[in-house]
1. Working carefully through the options 184, 179, find the one that is buried (at least 16 other Cβ atoms within 10 Å of the Cβ) and assigned to a loop (DSSP other than H, G, I, E, B).
2. In this structure, is residue 508 within 30 Å of residue 549 (Cα to Cα) and part of a strand (DSSP E or B)?
3. Across segment 596-633, which residue is nearest to the chain's Cα centre (by Cα) among those that are in a strand (DSSP E or B) and over 18 Å from residue 570 (Cβ atoms)?
4. Output yes when any residue across segment 414-434 is crowded, with 18+ Cβ neighbours inside 10 Å and at pLDDT 90 or above, and no when none is.
5. Answer yes if at least one residue in segment 139-159 is in contact with a strand residue (DSSP E or B) (Cβ under 8 Å, 6 or more places away or on another chain), under 24 Å from residue 259 (Cβ atoms) and surrounded by fewer than 20 Cβ atoms within 10 Å (Cβ to Cβ), and no otherwise.
6. Exactly one of (1) assigned to a helix (DSSP H, G or I); (2) in the same structural domain as residue 276 (by TED's automatic domain parsing) is unmet by residue 79. Its number?
7. Take the residues in segment 262-292 that are modelled with pLDDT of 95 or more and in a strand (DSSP E or B); name whichever of them is farthest from the chain's Cα centre (by Cα).
8. Look through 616, 567 and report the one residue that is surrounded by 15 or more Cβ atoms within 10 Å (Cβ to Cβ), more than 24 Å from residue 334 (Cβ to Cβ) and modelled with pLDDT of 85 or more.
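The values are calculated or read from the model by the stated rules, or taken from the named source; none is laboratory data. Quick caveat: nothing in here was measured; it's all calculated off a predicted structure. Note: ideal-geometry Cβ built from the backbone for every residue, glycine included; neighbour counts use all protein chains shown.
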């Protein structure tokens, strides 16, 4: 039985090492690996030295705080042999990680911070630091491209670090120094959103920022270096309250474990969902449940609503710069990752923040990404911790308390006027939008009841006719019917009051009645709107947008199949609200390494899924190497989905 168990564990380790082949989401670094010990190994340093001598590879760094293991350079045979060692829990390839790219910026305003919140709720949380600067009493580790240590808006800890590789006595090792200057800009931008306190104001103004520079001038770095940075932070749980990781790549158990173990020491980790338009389960550290994973939303004016601006933003263009998706205010950008693993949403489009003055002389820049959304949450966590410092413990339970406070205080779709702020989301889960005003207790979620008695939903009216609209509203038991604002998505504001009459343009209208928060008592949101859809004149319902997701029966980003195995691919079709779409026609096109093309097509089942299978035979089929599958979906009355491509490998 013991021999059988050992063989099973060895096989599991090999599967983890060679079954999780990294993808366009994650790029393996040839000849570099990360090994993690089992819990019963008492001395990681000594064990790493013994295994280095035994297997002939080069240990570059030993992790002791966030995970117990080591990074090493060696060939595939040595890595495979190490994976079978009884002291090793798993081995995985090292891979690249990428930056997920006294005015109050719009993003800070959108999460409920204005001058009154700063004066009433944030100012009391300030302290005087050793350098004489005033700031929120919280310490933030920025695990990124570094920080400009002398930026006038930032309170930067001079003892920040840079882990990097260096050849010492003929061996490549990960060492640390103090050269954390930001030669990219990304980290300084992140730091400003979280904690600027100068010409612009961050979420937690003046909080102390410590740079942990794990990414280089090109915005990339290895996971082995990233884990070294997390390990350094985890070794000082009394020093750091929050860590910001606006970076990521393909799934890595080692990265996730390092974050999880740092969280267990009471350090809150806010991590970017990523910008690959995929489920966060495929990404690290975004897929780590103990971290706060943050998606992005477009906001151009710092205010809720979505109807008070004509600003747009185009992204996801073709490689030649043409096409792309046009986003409006209050929409989810096409690149933001999604899935049930996302905890909270924050503004992440066209975010204005600090930038190294040696890169842009003004010291400020505007960029987009879930990387830009994440520091809003980092700053919010810092504020909560500063407000509740007496309750802080170095435990996962404390981090859970902070996370729950952030997510439970967030604005929900039902809080929003005038329309669903989550247009463009690729799943049915509507994560809350960060709401600092409610998090700090400056407001409470009101009890609002809005009803529309006429017209009825799906009613039709002749072209040019006057339509009567009647409704009621109350806020915390107080009658607010006279304050009801009626809005059409086609005609705009129709009128105010319990009963109005209006003539509408021909078309399909979404009519919303809501109570505006004109006094900003509840954070400026239009309170719990009610809506109906009606048709004026002869109009066909607007077509819905189809979305398609492609997955495999193996969970890796780029799964590996072997001759004789059957590859199962799944095509899940939903509409823009995340509802499954049965009877949609799916076309799947597979391209083989040999240059051939295979096509499968069919209708989705009652759960919105179409499955295509193929028994793999590289010698007689399409060859060995990388295969691609591209799926698209159509259905009458819907707009055709965009094409989605996934990859898998066939090996001998």
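1. Numbers: 179 fails: buried (at least 16 other Cβ atoms within 10 Å of the Cβ).
Matching residue, one of 184, 179: 184.
2. Values: within 30 Å of residue 549 (Cα to Cα): yes; part of a strand (DSSP E or B): yes.
Yes: the conditions hold for residue 508.
3. Taking segment 596-633 first, the residues in a strand (DSSP E or B) are 597-603, 609-615, 625-633.
Filter again for over 18 Å from residue 570 (Cβ atoms), leaving 597, 625-626.
Numbers: 597: 34, 625: 31, 626: 28 Å.
Here the answer is 626.
4. Checked segment 414-434: at least one residue is crowded, with 18+ Cβ neighbours inside 10 Å and at pLDDT 90 or above.
5. Kept after step one, since they are in contact with a strand residue (DSSP E or B) (Cβ under 8 Å, 6 or more places away or on another chain), are these residues of segment 139-159: 139-151, 153-157, 159.
Now drop any that are not under 24 Å from residue 259 (Cβ atoms), which leaves 139-147, 156-157, 159.
Going one step further and asking which of them are surrounded by fewer than 20 Cβ atoms within 10 Å (Cβ to Cβ), we end up with 159.
Yes, because at least one residue in segment 139-159 is in contact with a strand residue (DSSP E or B) (Cβ under 8 Å, 6 or more places away or on another chain), under 24 Å from residue 259 (Cβ atoms) and surrounded by fewer than 20 Cβ atoms within 10 Å (Cβ to Cβ).
6. Status for residue 79: all satisfied but (2).
7. Applying the filter and picking the extreme gives 268.
8. Numbers: 616 fails: modelled with pLDDT of 85 or more.
Exactly one of 616, 567 is surrounded by 15 or more Cβ atoms within 10 Å (Cβ to Cβ), more than 24 Å from residue 334 (Cβ to Cβ) and modelled with pLDDT of 85 or more, namely 567.
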